[in-house]
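K.L.:
Sharing a structure, written as structure tokens. Questions coming.
The values are calculated or read from the model by the stated rules, or taken from the named source; none is laboratory data. Just so it is clear, the structure is predicted and the values come from calculations on it, not from any experiment. Note: ideal-geometry Cβ built from the backbone for every residue, glycine included; neighbour counts use all protein chains shown. When the accessible area is computed, the model is the full protein with side chains, heavy atoms only, and any ligands, DNA or RNA have been set aside. Shrake-Rupley method; radii C 1.70, N 1.55, O 1.52, S 1.80 Å.
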Amino acid sequence: MKKILSLFFFISCILQLHSQQINKNGATIQERFIPPANYKRIKADDSSFASFLRSYPLKDYGSPVLLYNGNVKFNKVHVSVFDMPLLNSDLIQCADAVIKLRAEYLYSKKRYSEIQFHITNGMLVPFSKYAEGERVIVSGNKTSWKAGYKSGYGRDVFDEYLKFIYTYAGTYSLSQEAKPKNISDITIGDFFIYGGSPGHVVLVLDIAVDESTGRKIMLLGQCYMPSQEFHILKSYEKISPWYYVEDSVLKTPEWTFQKGSLMGF
């Protein structure tokens, strides 16, 4: 009975989406999702990760979430889908998608030296070493660098780097290298994470604040298993797809994060 009531509550919240909160013709988060009455988006510099996420192209409103093999995701938990191509293999899962978005942002700004991520065995893998023609050789749980490969900062080398990171990084490695954040300091580009096997992570895509009360709300996005398109989540709130930012348990449609799960790059 409790599960039925919970499902009914979730469906009723989704049906209460206010038309003025979603511009179906909007091509980005900034254009498509209008904050509820009395809420105003927090300011973000044009060159920031926040602006990158807010302006990331979205697929047409109503598009399904596709899996890496072209099938449609059965569990419809999304309100919009990022127009971000998938690989035709099961590689880009939850942490990988967050890593990809961060890396793509830094790459677009030519901040190449900042593109570096740990893999699960603890090794730090900077993109700059790939650009210098080095690659990581994996033997069991041991890794080492080897020179003599294609160098440069071109897209092909960057994609090769990302594919390696997708293969050997995950929620555990991301949670180990990220910095814990106080919920009062939350900003766009932070993420809620449980590093495990399995683990999960959802990315904070936008934040708005009620300037009279100081209460904050946020939009969340995720990828999931198997590899699938990155999508913006519905919420259980009447202001869905927005979530209230609270120092408590965060319940999303496919994962519940315990208090203290907020981290940032």
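K.L.:
Checking the structure you have, find out if any residue of the stretch 211-221 is among the polar types (S, T, N, Q) and open to solvent by less than 70 Å² (accessible area, probe 1.4 Å).
P.N.:
Our first condition is that a residue be among the polar types (S, T, N, Q); within the stretch 211-221, this holds for 212-213.
With open to solvent by less than 70 Å² (accessible area, probe 1.4 Å) added as a condition, the list becomes none.
Within the stretch 211-221, none of the residues are among the polar types (S, T, N, Q) and open to solvent by less than 70 Å² (accessible area, probe 1.4 Å).
K.L.:
Now a separate question. State the number of residues belonging to the stretch 50-107 that are in a loop (DSSP other than H, G, I, E, B) and touching a His at 6+ places or on another chain (Cβ under 6 Å).
P.N.:
Taking the stretch 50-107 as the starting set, the residues that turn out to be in a loop (DSSP other than H, G, I, E, B) are 55-57, 59-65, 68-71, 73-77, 83-93.
In the following step, the residues that additionally are touching a His at 6+ places or on another chain (Cβ under 6 Å) were identified as 65.
Within the stretch 50-107, residues that are in a loop (DSSP other than H, G, I, E, B) and touching a His at 6+ places or on another chain (Cβ under 6 Å) number 1.
K.L.:
Restricting to the stretch 139-183, give me the number of residues that are under 18 Å from residue 196 (Cα atoms) and polar (S, T, N, Q). Break it down stepwise before answering.
P.N.:
Here is the first cut: in the stretch 139-183, the residues under 18 Å from residue 196 (Cα atoms) are 141, 165-180.
Going one step further and asking which of them are polar (S, T, N, Q), we end up with 141, 167, 171, 173, 175-176.
Result for the stretch 139-183: 6.
K.L.:
Using beta carbons and a limit of 6 Å, which pairs, at least six apart or on different chains, have the first residue in the stretch 74-97 and more than 18 Å from residue 117 (Cβ to Cβ) and among the hydrophobic types (A, V, I, L, M, F, W, C) and the second one assigned to a loop (DSSP other than H, G, I, E, B) and open to solvent by 60 Å² or more (accessible area, probe 1.4 Å)?
P.N.:
86/68
K.L.:
Here's another thing I want to ask about it. Can you name the residue in the stretch 241-265 that is outside any strand (DSSP E or B) and without any contact (Cβ under 8 Å) to a residue 40 or more places away in the chain and, of all such residues, is most open to solvent (accessible area, probe 1.4 Å)? Explain how you work it out, then say what you get.
P.N.:
Restricting attention to the stretch 241-265, the residues satisfying the condition of being outside any strand (DSSP E or B) are 241-242, 245-249, 253-254, 258-261, 265.
After this cut, where a residue has to be without any contact (Cβ under 8 Å) to a residue 40 or more places away in the chain as well, the list is 248-249, 259.
On the way: 248: 50, 249: 81, 259: 130 Å².
So, considering only residues that are outside any strand (DSSP E or B) and without any contact (Cβ under 8 Å) to a residue 40 or more places away in the chain, the one most open to solvent (accessible area, probe 1.4 Å) is 259.
K.L.:
Give me the pairs, please: first residue somewhere in the stretch 176-199 and closer than 19 Å to residue 222 by Cα and in a loop (DSSP other than H, G, I, E, B), second residue anywhere and open to solvent by 50 Å² or more (accessible area, probe 1.4 Å) and basic (Lys, Arg), beta-carbon distance under 9 Å, and either six or more positions apart or on two chains.
P.N.:
Sorted first by the residue in the stretch 176-199, then by its partner, the pairs are 186/216; 187/181; 190/181.
K.L.:
Cβ contacts < 7 Å: first residue farther than 20 Å from residue 238 by Cβ, restricted to the stretch 20-42; second residue open to solvent by 40 Å² or more (accessible area, probe 1.4 Å), any location; separation 6+ or different chain. Result?
P.N.:
Within 7 Å, the pairs are 27/57; 28/55; 28/57; 30/55; 31/23.
K.L.:
Determine, yes or no, whether residue 261 is among the polar types (S, T, N, Q), in contact with a strand residue (DSSP E or B) (Cβ under 6 Å, 6 or more places away or on another chain) and more than 27 Å from residue 72 (Cα to Cα).
P.N.:
On the way: among the polar types (S, T, N, Q): yes; in contact with a strand residue (DSSP E or B) (Cβ under 6 Å, 6 or more places away or on another chain): yes; more than 27 Å from residue 72 (Cα to Cα): yes.
It is true that residue 261 is among the polar types (S, T, N, Q), in contact with a strand residue (DSSP E or B) (Cβ under 6 Å, 6 or more places away or on another chain) and more than 27 Å from residue 72 (Cα to Cα).
K.L.:
Among the residues of the stretch 112-119, is any within 16 Å of the chain's Cα centre (by Cα), within 28 Å of residue 218 (Cα to Cα) and assigned to a loop (DSSP other than H, G, I, E, B)?
P.N.:
So far as the stretch 112-119 goes, no, none of its residues is within 16 Å of the chain's Cα centre (by Cα), within 28 Å of residue 218 (Cα to Cα) and assigned to a loop (DSSP other than H, G, I, E, B).
K.L.:
Looking at 97, 131, 103 in this structure, which one is small (Gly, Ala, Ser) and within 30 Å of residue 215 (Cβ to Cβ)?
P.N.:
Numbers: 131 fails: within 30 Å of residue 215 (Cβ to Cβ); 103 fails: within 30 Å of residue 215 (Cβ to Cβ).
The match here is 97.
K.L.:
Let me ask something else about it. In the set 236, 224, 172, 166, which member is within 13 Å of the chain's Cα centre (by Cα) and not in a strand (DSSP E or B)? Before the answer, list the steps.
P.N.:
On the way: 236 fails: within 13 Å of the chain's Cα centre (by Cα); 172 fails: within 13 Å of the chain's Cα centre (by Cα); 166 fails: within 13 Å of the chain's Cα centre (by Cα).
Just one listed residue meets the conditions, 224.
K.L.:
All but one of (1) out of contact with any helix residue (DSSP H, G or I) (no Cβ under 8 Å at 6 or more places or on another chain); (2) surrounded by fewer than 16 Cβ atoms within 10 Å (Cβ to Cβ); (3) touching a residue at least 12 places away in the same chain (Cβ under 8 Å); (4) within 15 Å of residue 169 (Cα to Cα) hold for residue 123; which doesn't?
P.N.:
Here residue 123 meets the rest and fails (2).
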